[in-house]
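The structure under discussion appears below in the form of structure tokens.
The values are calculated or read from the model by the stated rules, or taken from the named source; none is laboratory data. For clarity, every value in this text was computed on a predicted model and none was experimentally measured. Every residue, glycine among them, receives a Cβ derived from its backbone with ideal geometry; neighbour counts consider all protein chains shown.
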Amino acid sequence: MEEKIGIVTRGINNIYTVVEKELFMNNREFPSYMCRIKGKVLNQKRDEYSPLSVGDYVLFTIHTKEEGLITERLERINTFQRWNAKRSINQTIVANMDLIIIVTSTDEPPFRPRFIDRAIVCAGNTPVLIVLNKCDLPLTQEEDERFTLFKKLGFDTINMSAFDAQGIELLKRKIEDKIVAFVGQSGVGKSTIVNELLDGSSVQQIGDISLKFNRGKHTTNHSIMFKNKNITIVDTPGVREILIPHTDLNLIGESFPEFKKSLGKCSFDMCLHESEPDCDIKRRVENGEIDPDRYESYLRMLDSIRGRETLYESDRR
């Protein structure tokens, strides 16, 4: 039976929706197939929550007009990973994205720059665009300076409203002919923006804000890929918190562009920029060259991984 290359567009309870990559990429009519994994196991690392994620390229065979069988996951270009605290394991939310769009809001829920910091680390080597939604609601001066800092550090940013046609058009131009994933807290308007980008189609349910906690209610409960002409979007579940994946502590600093200027200037080659003597990062924080809140955000990420190391390693022996 002929194997084809496909893209996973959805996955629920170990059943994956797969479309042919060639038809999908060329905007031709593409049927979708409900697929299971052959033998229920793919070659994967032991530190993965699930073998497949939306965006994965796979080899699959077609058995009927609606069903197929996945035989292999092809090598990933990149991933957006988070730590799944319930299962104590890394979880890939999406794979093979051209761009990760981190959506935040000015209020309802409140602006949380450290959430953005963690999401950037979760994105790894995938390009990032930071979208500040609900910009008709003002930020405090401190919040505005913290958001502006992302642009100064080299991250692409947009201030917009999901109901502003001009902002939607600007975002459309940035994502045309790319495969992009939207991530963010519950209630920031992520799914509303996705609906508008897909020409107003109500493809995703939109929820209200929980008044008790000033947080969004979960409306997207699994990642799903949508395509409309030359726009391809993955909407991911909104979360209240996001934890960085379990990784080598020294890799976290690679997601902080302000640290690059200090490469090779610390006394220790594997300096983590905490209590080590003659650390150039700490010197620059003290001199005001590095934002102290970003530095504190970095230190908290180190601590979060250390707090789970014993459990993580013992579970995999």
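Considering only the range 119-149, how many residues are under 11 Å from the mean Cα position of the chain (by Cα) and in a helix (DSSP H, G or I)? Of the residues in the range 119-149, 5 are under 11 Å from the mean Cα position of the chain (by Cα) and in a helix (DSSP H, G or I).
Matching residues to (1) surrounded by 17 or more Cβ atoms within 10 Å (Cβ to Cβ); (2) in contact with a Phe, Trp or Tyr (Cβ under 9 Å, 6 or more places away or on another chain); (3) not hydrophobic (A, V, I, L, M, F, W, C):
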{"residue": "115", "(1), (2), (3)": "yes, no, no"}
{"residue": "118", "(1), (2), (3)": "yes, no, yes"}
{"residue": "125", "(1), (2), (3)": "no, no, yes"}
{"residue": "131", "(1), (2), (3)": "yes, yes, no"}
{"residue": "152", "(1), (2), (3)": "no, no, yes"}
{"residue": "160", "(1), (2), (3)": "yes, no, no"}
{"residue": "163", "(1), (2), (3)": "no, no, no"}
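The residue list 100, 116, 93 contains one member that is assigned by TED's automatic domain parsing to the domain that holds residue 226 and in a helix (DSSP H, G or I), which is 116.
Only residues that are acidic (Asp, Glu) and assigned to a helix (DSSP H, G or I) were counted across the range 240-280, and they come to 3. Taking into account only those residues within the range 80-99 that are charged (D, E, K, R) and over 14 Å from the mean Cα position of the chain (by Cα), which is surrounded by the fewest Cβ atoms within 10 Å (Cβ to Cβ)? Looking at residues that are charged (D, E, K, R) and over 14 Å from the mean Cα position of the chain (by Cα), I get 86. In the range 157-208, the qualifying residues are those that are in a loop (DSSP other than H, G, I, E, B) and hydroxyl-bearing (Ser, Thr, Tyr), and the one that is modelled with the lowest pLDDT is 202.
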